[in-house]
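Asks: Take a look at the following structure, please.
The values are calculated or read from the model by the stated rules, or taken from the named source; none is laboratory data. Everything numeric here is computed off the predicted structure, so don't read it as measured data. Don't worry about glycine lacking a Cβ; one is built from the backbone with ideal geometry, like all the others, and counts go over all protein chains shown. Heads up: the accessible areas ignore ligands, DNA and RNA and are worked out on the full protein's heavy atoms, side chains in. Shrake-Rupley method; radii C 1.70, N 1.55, O 1.52, S 1.80 Å.
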Amino acid sequence: MSAPVPPRHQLLVGCSVVDVETGAVTAGAAVRILDGEIVDLGPEAEVRERMPLAEAPVEVDLGGAHLLPGLLNMHTHFSLALPGTRGAEIAGFDAHALALYMADGARRTLMEGVTTVRCVAEKDHADFALRDAIAAGRAVGPRILTAGRALVCTGGHGHEGSDTLECDGAVGFRRGVRSQIKAGADLIKVMISGGIAGEHEQISTPQLHRDEMEAAISTAHAWGRKVTAHAGPASVIAEAVALGLDCVEHGYQLTPEVAAAMAAQGTALVPTLVVTRCGAFFDELGVPAWMQKRSLDAGPRHRESYEMALEAGVTVLLGSDMPPFWHFEGTSATVRELEYMAEFGLGPVKALAAATIEPARWLGVDALVGSIAVGKRADLIAVDGDPTADVSALRSLRWVMADGVVVRDDKAGVSRG
Ligand SMILES: [Zn+2]
């Protein structure tokens with residue numbers, strides 16, 4: 001299979017274009033695309049007026065849909081193997097089976113409108129091969145930015161799998177960072193506390209010494225890579241934020257003080273609200289009772305943490321931790337997370353930004369993706385209903401364009417998935 005070549009010149013019409021930075025909606029809009037790049041947008045009549053006569057575009061009528069930029073999911077694992085029966089099956093895959101499994105997840109993810117992902121711990125460096133195959137058109141999936149293996153202390157959170165690398169001491173963590181960058185990492189992920197999925201730890205267990213955190217963060221920064229940390233308790237997060245940490249995953253137990261420090265330092269939060277609210281998903285995977293209990297019990301405090309972050313003005317970014325495409329409570333895990341983010345205080349317009357332009361900025365790819373603007377790549381999704389009024393409109397996702405190629409069109413029966 002070779003990558004499909006999009007029509008060189010396309011005009012999307014019959015749509016309302018959503019500006020995720022302002023929440024403004026332009027009805028009766030058109031978007032002109034040339035070689036996969038957005039070259040014009042605005043009211044349809046104006047775009048037609050400005051259109052060069054020489055080359056007629058292929059017109060795509062979106063039938064009154066709202067057009068959004070493709071979603072960015074900042075906490076993804078295509079090789080996730082949780083404790084339990086399903087996880088054991090995945091953990092037992094050989095390299096070939098694992099690569100195919102991950103490619104299938106990537107394809108499903110794109111079909112759910114997620115056009116960019118940030119992978120934050122993947123097995124055996126298969127993520128680098130997947131990222132490069134998608135970029136070269138040999139596999140179907142979202143743009144991938146990836147941390148490779150997450151760095152963890154001996155016996156620390158996630159040490160059981162080949163998606164982590166055990167390091168100890170400052171020298172060990174420096175070497176760990178360099179080894180992931182050598183393999184191709186776009187960013188660094190480090191586990192600085194316990195979590196939900198570790199049997200011998202608590203969410204509150206600190207796992208790295210200060211010199212280890214300092215070594216990981218300063219080495220990554222010297223090489224121009226950002227660092228995100230799996231972290232629960234406030235005291236551990238406070239220490240890492242003071243050392244220049246760029247992003248916190250989960251943040252189950254924030255306090256107003258640490259939230260204020262994050263806001264001041266510019267440290268983002270990927271709250272992954274669904275992971276403490278997904279009993280049905282755990283049941284489906286055969287996740288053991290102890291883990292389900294720890295997860296669901298953490299839910300109320302987790303929500304409180306998120307609310308503290310919003311109150312303090314921390315930049316929040318959408319990440320599901322669950323496979324981004326997973327069908328869950330009537331939609332994808334990505335859209336369910338978006339709904340929780342909006343409902344728990346962010347509101348629809350800022351939630352849309354947290355799923356698009358804000359992650360693009362964190363990743364440094366906002367010149368390319370994250371909003372519908374001239375000069376950006378045509379990563380676009382169409383939904384029925386106005387998502388700036390209610391993000392649940394994304395449940396009606398029915399059309400996906402990636403880099404100028406229509407990969408899903410439910411009305412036309414098109415699915416590259
Ligand atoms: Zn995770």
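Asks: Exactly one of these conditions fails for I192: (1) open to solvent by less than 20 Å² (accessible area, probe 1.4 Å); (2) touching a Phe, Trp or Tyr at 6+ places or on another chain (Cβ under 9 Å); (3) within 25 Å of F282 (Cα to Cα). Give me its number.
Replies: (2)
Asks: Condition test on G36, is it crowded, with 16+ Cβ neighbours inside 10 Å, over 27 Å from the mean Cα position of the chain (by Cα) and on the phi > 0 side of the Ramachandran plot?
Replies: For G36, the condition - crowded, with 16+ Cβ neighbours inside 10 Å, over 27 Å from the mean Cα position of the chain (by Cα) and on the phi > 0 side of the Ramachandran plot - is not met.
Asks: Follow-up question, since we're still on this one. Are any residues in region 237-289 among the aliphatic types (A, V, I, L, M), farther than 21 Å from V190 by Cβ and either open to solvent by 40 Å² or more (accessible area, probe 1.4 Å) or without any contact (Cβ under 8 Å) to a residue 40 or more places away in the chain (or both), and if so, which ones?
Replies: A260, A264, A280, A289, listed by residue number.
Asks: If you don't mind, another one. Having 2 or more residues that are touching a His at 6+ places or on another chain (Cβ under 8 Å) is the bar; report the strands (runs of 3 or more DSSP E) wholly within region 4-111 that clear it.
Replies: 9-18, 25-34
Asks: Failed condition for D366, given (1) within 15 Å of the chain's Cα centre (by Cα); (2) open to solvent by 40 Å² or more (accessible area, probe 1.4 Å); (3) in contact (Cβ under 8 Å) with a residue 24 or more places away in the chain, with all others met?
Replies: (3)
Asks: With the requirement that a residue be more than 16 Å from the ligand (Cβ to nearest atom) and either of a type in the set (D, E, K, R) or open to solvent by 30 Å² or more (accessible area, probe 1.4 Å) (or both), what does region 54-82 give you?
Replies: Of everything in region 54-82, those that are more than 16 Å from the ligand (Cβ to nearest atom) and either of a type in the set (D, E, K, R) or open to solvent by 30 Å² or more (accessible area, probe 1.4 Å) (or both) turn out to be A54, E55, A56, V58, E59, D61, G63, G64.
Asks: Do we find a residue being outside any loop (DSSP other than H, G, I, E, B), more than 13 Å from the ligand (Cβ to nearest atom) and out of contact with any Leu (no Cβ under 8 Å at 6 or more places or on another chain) anywhere in region 244-252?
Replies: Checked against the condition, which is being outside any loop (DSSP other than H, G, I, E, B), more than 13 Å from the ligand (Cβ to nearest atom) and out of contact with any Leu (no Cβ under 8 Å at 6 or more places or on another chain), region 244-252 yields no hits at all.
Asks: If Q180 passes every condition in (1) under 23 Å from the mean Cα position of the chain (by Cα); (2) open to solvent by 40 Å² or more (accessible area, probe 1.4 Å); (3) without any contact (Cβ under 8 Å) to a residue 40 or more places away in the chain but one, which one does it miss?
Replies: The number of the failed condition is (2).
Asks: Of the residues G23, G84, G36, G63, which is over 30 Å from R118 (Cα atoms) and in contact (Cβ under 8 Å) with a residue 40 or more places away in the chain?
Replies: The conditions single out G63.
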